[in-house]
Amino acid sequence: MSMGTSDLRIGTSGWNYPSGRGTWNGIFYPPSRGRARGFDELSFYAEHFNTVEVNSTFYGQPRADVCRGWTQRTPPAFEFSVKLHQKFTHPRMFKDAFARGMPPGEGGQALLDELVRPNESDLDVFRSGIEPLASSGKLGALLAQFPPSFKNSAASREYLQWLLQAFQDYRVAVELRHSSWSDAVGETLSLLNPFGSAWVQIDEPKFRLSIKQNFLPNVEGLYYMRLHGRNAKQWWTHDKSEDRYNYLYTAPEISEFAETVVAARQLVRKLYLYTNNHFSAKSVANAAMIKKQLGEPIEGEYPREFLAEYPALAGIARPIPTDGRTSA
């Protein structure tokens, strides 16, 4: 397969970071105060990239009216990859949040266990929520991001197979982080491959039982890569969760992934690469740098504050004219 016949999409994980020290406001977006009336972050983002990974659906089931709004605010060829709700991948986190309002005792525990177990109703809510994206042709992949504690076991394999079966009508990418999955690589591939599901290739600080990956595609239909940054110092211990994503990949580090993508494009029809090092829009800078190394067009115009913060993009990205006009 030639590079010309594969569909490569590069973007960031999320587009809305309005607060904290690592906000995008005043760097990639105008400051919240003094914005021109009608300025829309998603529309502005979509001038620069043709895809985005949605994180908000991890914290709350997707809503059809919200997804419909997204389709209306983005160009026809734009795609959204959507993270599955935490109930599907992080049952302990969901259970802890749910437990605060439950009665104590065994009866309450049994009821809690039943309530947090994903069921057909949960699947229907998710499917109906993303339907506007699917029907408009703007749905990329579904991301099933499991925690490092999700180990390879008979119960885990059974559950993962159930989940893949439930979403078999969609492109699905599965992020596994515990080494037990790569220790039994053949077993893991035999689970993912029949569904055409991509084994997500991830870059992040490693822990003792981190999954081992060679960054090669496992199926021909889909390739999915996520770059979380390499801020090992603050990955496990930090004041704010955003601190762990305070990392800017260097050009030589970026070249590692660019070379991998070039190779994968020879084999895979659809490829997604998302940068998740979102602190102060570092993910935007790195996504643009990756596009440059791959010979992809650097679209849109960038605020001068952003180009001053990330001089590696000087001469590569177009600045917004001083009159404040942005690309149509």
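The values are calculated or read from the model by the stated rules, or taken from the named source; none is laboratory data. Treat the numbers as computed from the prediction; the structure is a model and nothing was measured. Heads up, the Cβs are rebuilt from the backbone with ideal geometry, glycines too, and the neighbour counts pull from every protein chain shown. Calculation scope for accessible area: heavy atoms of the full protein, side chains included, ligands and nucleic acids excluded. Shrake-Rupley method; radii C 1.70, N 1.55, O 1.52, S 1.80 Å.
Data for the structure
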quantity	calculated
Residue in the range 266-285 that is among the hydroxyl-bearing types (Ser, Thr, Tyr), farther than 17 Å from Asn246 by Cα and surrounded by fewer than 22 Cβ atoms within 10 Å (Cβ to Cβ) present	no
Selection count, the range 221-253, where residues are acidic (Asp, Glu), open to solvent by less than 50 Å² (accessible area, probe 1.4 Å) and over 19 Å from Gln145 (Cβ atoms)	2
Any hit, the range 233-242, residues being under 16 Å from the mean Cα position of the chain (by Cα) and within 28 Å of Asp40 (Cβ to Cβ)	yes
Complete set of residues in the range 211-230 that are more than 15 Å from Leu294 (Cβ to Cβ) and either at pLDDT 95 or above or assigned to a helix (DSSP H, G or I) (or both)	Pro217, Asn218, Val219, Glu220, Gly221, Leu222, Tyr224, Arg226, His228, Gly229, Arg230
Output for the range 132-181, where each listed residue is in a helix (DSSP H, G or I), open to solvent by 20 Å² or more (accessible area, probe 1.4 Å) and in contact with a Lys or Arg (Cβ under 8 Å, 6 or more places away or on another chain)	Ser180
Any hit, the range 51-58, residues being touching a His at 6+ places or on another chain (Cβ under 7 Å) and either more than 20 Å from Leu307 (Cα to Cα) or acidic (Asp, Glu) (or both)	yes
Residues located in the range 231-250, provided they are among the hydroxyl-bearing types (Ser, Thr, Tyr) and in a loop (DSSP other than H, G, I, E, B)	Thr237, Tyr247, Tyr249, Thr250
Residue in the range 258-265 that is over 17 Å from the mean Cα position of the chain (by Cα), at pLDDT 95 or above, over 30 Å from Ala314 (Cα atoms) and open to solvent by 10 Å² or more (accessible area, probe 1.4 Å) present	no
Cβ-Cβ under 6 Å pairs, at least 6 apart or on other chains, the range 284-301 side under 14 Å from Pro319 (Cβ atoms) and touching a residue at least 12 places away in the same chain (Cβ under 8 Å), far side assigned to a helix (DSSP H, G or I) and among the small types (Gly, Ala, Ser)	Ile298/Ala288
Pairs, first free of Cβ contacts under 8 Å to residues at least 60 places away in the same chain in the range 241-269, second open to solvent by 40 Å² or more (accessible area, probe 1.4 Å) and assigned to a loop (DSSP other than H, G, I, E, B), C-beta under 7 Å, six or more apart	Arg244/His238; Tyr247/Arg230; Thr260/Phe215
Only listed residue being open to solvent by less than 20 Å² (accessible area, probe 1.4 Å) and either closer than 22 Å to Val54 by Cα or out of contact with any His (no Cβ under 9 Å at 6 or more places or on another chain) (or both), chosen from Ile316, Ile320, Ile290	Ile290
Tally, over the range 200-244, of residues that are touching a strand residue (DSSP E or B) at 6+ places or on another chain (Cβ under 6 Å) and not aliphatic (A, V, I, L, M)	9
